[in-house]
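Following: one structure in structure tokens, then a few remarks.
Every number in this text was worked out from the coordinates using simple rules, so none of it is lab data. These numbers were taken from a predicted model, which means no experiment stands behind them. Here the Cβ positions follow ideal geometry from the backbone for every residue, glycine too, while neighbour counts run over all protein chains shown.
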Amino acid sequence: MKKQSAIVIMLIFIIFPLAAQKTKEALYLKNGSIIYGRLIEANETQYKFKTSDGSLFVYSIPEVEKIVNETPLFNGRKRSGIGFAIEGGLLVGAQSSQYKSPFSFNILGNVTVNTKNIIGLGSGVEFLGQPFTPLFLEYKYMLTERKTAPFIFVRGGKLFHLNGDSQKNDYVYSQYNYEKSYEGGGSFTIGTGISWAKDDSETYLSFAYRNVHTSYTERYYNTQPATYKTAYNRLEIKFGLEF
């Protein structure tokens, strides 16, 4: 799990600079308009140009001043549409906690409505002594429409255990091989953060209060099974990249 966590963090920091350096073809018209997208065809009489939303434009050669590769100008945030985000971070606990900094990695699909409202559905993998996968809904509200904007968000969902129904314990001096069955529970997150938008992508840093519940049932030799419940109250710190 530690090796997997390190790989995920490395991927995030590799993808981020690549996305930040993305350029597009810019078609300059003689009437002063600039269109960003991709040149798909050029001949002796016209240019065919396709924008990022799939629209196809055809311009005659006399209408076009030049075509160059450059980073598009950005005047505000996305007003509406579908997005995709990846994020990773830690669930930081007290020094006396058994698991001081469990790792969390999530993938989200979302929809932006009227710039400031973002509704998402996410999942991923988290390690709280045992590996779990979360499934949650998120509502995020952007406080401004600027490129650098603070936000607040809330998430609710549930964790599901990944390693099957049961496993043997690790007690060195135990006379018996007791089995433990792990289960996930409810998960709630509320927090704030700041987002930096650039072109059609953005990065963000968030800080939140996270409440998570898990449990396990241990089957002792010749006795009734006993169930133990755990509640985690953590500071969640995450870095994310959204497209």
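Things to note:
- Taking 0.36 nm per residue of separation and subtracting the current Cα-Cα distance, fully stretching the chain between Leu143 and Lys48 would add 30.3 nm.
- Take the Cβ atoms of Gln224 and Ile107, set R0 to 51 Å, and the FRET efficiency comes out at 0.80.
- Cα gyration tensor shape of the range 23-70, rounded if a/c is under 1.5, else prolate or oblate by comparing a/b with b/c: oblate
- Taking 0.36 nm per residue of sequence separation and removing the Cα-Cα distance, the Phe243/Leu205 pair yields an extension gain of 12.2 nm.
- Across Lys30/Lys50; Lys50/Lys147; Lys116/Lys198, pairs whose alpha-carbon gap is larger than 20 Å: Lys50/Lys147
- The residues neighbouring Thr115, those whose beta-carbon lies less than 11 Å from its own, together hold a net charge of +4 under the Lys/Arg +1, Asp/Glu -1 convention.
- The stretch between Leu135 and Ser215 holds 27.1 nm of extra length on full extension. This uses 0.36 nm per residue minus the Cα-Cα distance.
- Shape call, the range 184-243: gyration tensor on alpha carbons, a/c limit 1.5: prolate
- Surrounding net charge for Ile61, when Lys and Arg each add one and Asp and Glu each subtract one, Cβ distance under 14 Å: -1
- Sorted on the mean count of surrounding Cβ atoms within 10 Å across their residues, most packed first, peptides 80-86, 236-242 read 236-242, 80-86.
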